[in-house]
Amino acid sequence: MTPDVRPLVAGNWKMNGTRQSLGEIKAMAEGIDGPLAEHVDALICPPATLLYVATALCTDSQLMVGAQDCHHEVQGAHTGDISAEMIADCFGTHVILGHSERRTDHRETDQMVQSKVEAAHAAGLTAIICIGETGDERDSYETLDVLMRQMSHSIPDGAMADNTVIAYEPLWAIGTGLTPTPVDVAVVHAFIRAELVQRFGAEGKVMRILYGGSVKPSNALSLMSVDNVDGALIGGASLKASDFLAIYSVYEGLVA
């Protein structure tokens, strides 16, 4: 954790969830509404088809709702895409950008990610910018070089702590059940923090850095306790309210 930084527990449903899944979001909304919500933020990012209904379910809750991607343009002939303004119009507050699956499956470059982040900021959304290395890059000891390049070109100059979150997601750990050790996570997050401070000064000191990559109830406490880990970006474990809330609840022993 980082002193004076409010943790964020975020769930990325990816291409999962139908109307039958809305009960899980309702349970999450009800489950986080307690004393811990005064100290820890919670966010769920369902598929775009559920975004508006999900925000309606969470109207009276502390649970925030966001999206998983946006186009860099406000509008236009971009079949199948949604704009940041459309997300905001559905009362979404956040958008995940630059996820490894977008970078790999849709060949998104750092420059494309940066343009989307700028669009998200212009629409009043908080951008969660994902960075991370592949297994081959890790084995070749290129992790820090890869992260430096991604941060340099994916984060716009105008980024601030209140509209930008960084999520470190090692690609080799996503959906594999594998996780780096807390020591490994500490090294990487300390590097990310130093780079943010060097570039953004005081804003970089309090910009949230999440860890993502096979986060689950059984390992959440050890990961969330690491210095400069300001929360989690959760994949599969966010599909069930019981798992999501179990991860969220680890902060009961970490915050005042």
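Tabulated data
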quantity	calculated
Pair list, Cβ under 8 Å, 6 or more apart: the range 215-233 residue at positive phi, other residue at pLDDT 95 or above and in a strand (DSSP E or B)	ASN228/ILE209; GLY231/LEU8; GLY231/VAL9; GLY231/ALA10; GLY231/ASP41; GLY231/ARG208; GLY231/LEU210; GLY231/TYR211
For VAL146: the one exception among (1) assigned to a helix (DSSP H, G or I); (2) free of Cβ contacts under 8 Å to residues at least 12 places away in the same chain	(2)
Residue in the range 147-166 that is basic (Lys, Arg) and modelled with pLDDT of 95 or more present	yes
Filter result for HIS153 (out of contact with any Lys or Arg (no Cβ under 8 Å at 6 or more places or on another chain), touching a residue at least 12 places away in the same chain (Cβ under 8 Å) and surrounded by 24 or more Cβ atoms within 10 Å (Cβ to Cβ))	no
Which numbered condition THR176 misses (of (1) surrounded by fewer than 16 Cβ atoms within 10 Å (Cβ to Cβ); (2) on the phi > 0 side of the Ramachandran plot)	(2)
Subset of the range 24-34 [in contact with a helix residue (DSSP H, G or I) (Cβ under 9 Å, 6 or more places away or on another chain) and not small (Gly, Ala, Ser)]	GLU24, ILE25, LYS26, MET28, GLU30, ILE32
Residue list for the range 117-134, restricted to those being touching a Ser or Thr at 6+ places or on another chain (Cβ under 9 Å) and assigned to a helix (DSSP H, G or I)	VAL117, ALA119, ALA120, HIS121
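The values are calculated or read from the model by the stated rules, or taken from the named source; none is laboratory data. Values in this document were obtained by computation on a predicted structure and should not be read as measured data. We place every Cβ from the backbone using ideal geometry, glycine too, and count neighbours over all the protein chains shown.
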